[in-house]
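Structure, as structure tokens:
Bear in mind that the values in this text are calculations on the coordinates, not laboratory data. Just so you know, these numbers come straight off a predicted model, no measurement behind them. Counting neighbours? That spans all protein chains shown, and the Cβs are built from the backbone with ideal geometry, glycine included.
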Amino acid sequence: MMPKSLQSPSRLPEMDPAIWSRLPEELLEHVLSFLPLKMFLNLRSTSKHFKSLLFSPSFMSKHTASGSPFSSFLLLSHPQFFQQFPLYDSIVGSWRNLALSLSLLLPGTGSNASPSCTLLSSSNGLICFSLPSSCSLLVCNFMAKSSRIVEFPSHPFTFESFVFVSMSFGYKIFVLCSKFSSNSVFVYDSKVHSWQKFDRFEPILGDNYRQEGVFFNGSLYFTTSEPFSIVCFDLESGRWGRLDNELPGDVTFVRLVSDGEKKLYLIGGVGRNGISRSMKLWELDGERNWIEVESLPEMMCKKFLSVCYHNYERVYCFLHEGMICICCYTWPEILYYKVSRRTWHWLPKCPSLPEKWSCGFRWFSFVPELYALV
């Protein structure tokens, strides 16, 4: 008779399915932490117990403390893509395509609905769209399949500057209205689900309203039009201020980039008579002085300046996972500086982009975060 140790696996007794119900939750949480992203998210629809476990306080605290387990992406929005958003995975260096069905996130719309929307901003796993047909905003977390419609405080409502900031346990929306709301600022706080209005701000931004502000140490920082300066708006008190430090000389345009807490960078062109001959990067030190960090190599500088045709209003910047990205609305490539390596690179255009493309490129930093609350 064949020993039990040599018997065929097909003859072994089946495991009692009930054993899984007696598996300690601590062990189940540990097993789930090793699952791939797709399977991790699909578990929500297979079991109410799994869904509740994924969003349990202990599981959330464990994984938020260790950082996001997902990849990070550079997300491209362009008028020629309809609800299609090419993604560049900055960790593995490959392209993907994200098809978003916004109708599934909009209450009261069917699966065949095609709401008119514009991608405005992305911050810490949340994406914010404008819904012109309903004069409102749509804030989404696609990983958690959750969304919220935020109604504008008044109708009709137009704005000259828009900033969306996602923070721990909530987000804030900054809207500046100069033409139709008597120079007012509106701030939406997701913790209380309401807008707060701040009246009669000093019009210190000049004609540079459309340059998006950056979040740094509780305030939003903006660059003004010439003569260049930097102003800030405290999101809690609603007070405006101005940085008294002197900006680098002979700058032809300036943009700001921040990691939110520790670093504030200044990117600018350097030249005369409004024409840039070079581009440089500065960092704000502890004594509020701008310290030069790097200069853009000459050949890269010539290419970028030719791309924007010295129309610097088209230039915008943002920080993405240790990369300072410099973009132009008219060009599908990204120029970026890798802070840790102190090197400059070009991210080539998306391979799925049509051969005949028009301007209107908007890049965003998209770092999925399952527990970002809408």
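Quick notes on this one:
- Once the Cβ-Cβ distance of H155 and N245 is raised to the sixth power relative to R0 = 35 Å, the FRET efficiency obtained is 0.30.
- A prolate overall shape is assigned to segment 275-337, the ratio a/c of its alpha-carbon gyration tensor axes (a ≥ b ≥ c) being 1.5 or greater and a/b exceeding b/c.
- The mean sequence distance of close C-alpha pairs (under 8 Å, at least 6 residues apart), as a share of the length of segment 237-374, puts its relative contact order at 14 percent.
- Sorted by Cβ density within 10 Å, fewest first, the residues E212, E236: E236, E212
- Extending 7 Å from the Cα toward the beta-carbon at both S237 and K302 defines two label points whose distance is 5.0 nm.
- The ranking of W282, W346 by Cβ neighbour count inside 10 Å, starting from the fewest, reads W346, W282.
- Loop-resident sites, segment 324-374, for GluC sites (Glu not before Pro), counting at most 14 other Cβ within 10 Å (DSSP): E355
- Whole-Hz couplings from phi, Karplus 6.51/-1.76/1.60, listed for segment 263-268; x for Gly and Pro: 10, 10, 10, 10, 10, x
- Shown in residue order for segment 278-290 are the 3J(HN,Hα) couplings computed by the Karplus curve 6.51 cos²θ - 1.76 cosθ + 1.60 at θ = phi - 60°: 8, 10, 9, 10, 10, 10, 7, 8, x, 9, 6, 10, 8 Hz (x for Gly and Pro).
- Projected label distance in nm at I291 and S352, using a 7 Å step from Cα toward the beta-carbon: 4.3
- Taking amide H positions as modeled 1.01 Å from N, with prolines and chain starts lacking one, the residues under 5 Å from S72 and 5 or more places away or on another chain are S90, I91.
- For the pair V192 and N217, a Förster radius of 25 Å applied to the C-beta separation gives a FRET efficiency near 0.70, rounded to the nearest 0.05.
- Under 20 Å from a label point set 7 Å out along the Cα-to-Cβ vector of D259, the amide N atoms of segment 321-343 belong to 321-326, 336-343.
- Remark on Y171: its backbone amide H falls under 5 Å from those of S190, K191, a criterion applied only to residues 5 or more positions apart or on other chains, H modelled at 1.01 Å from N.
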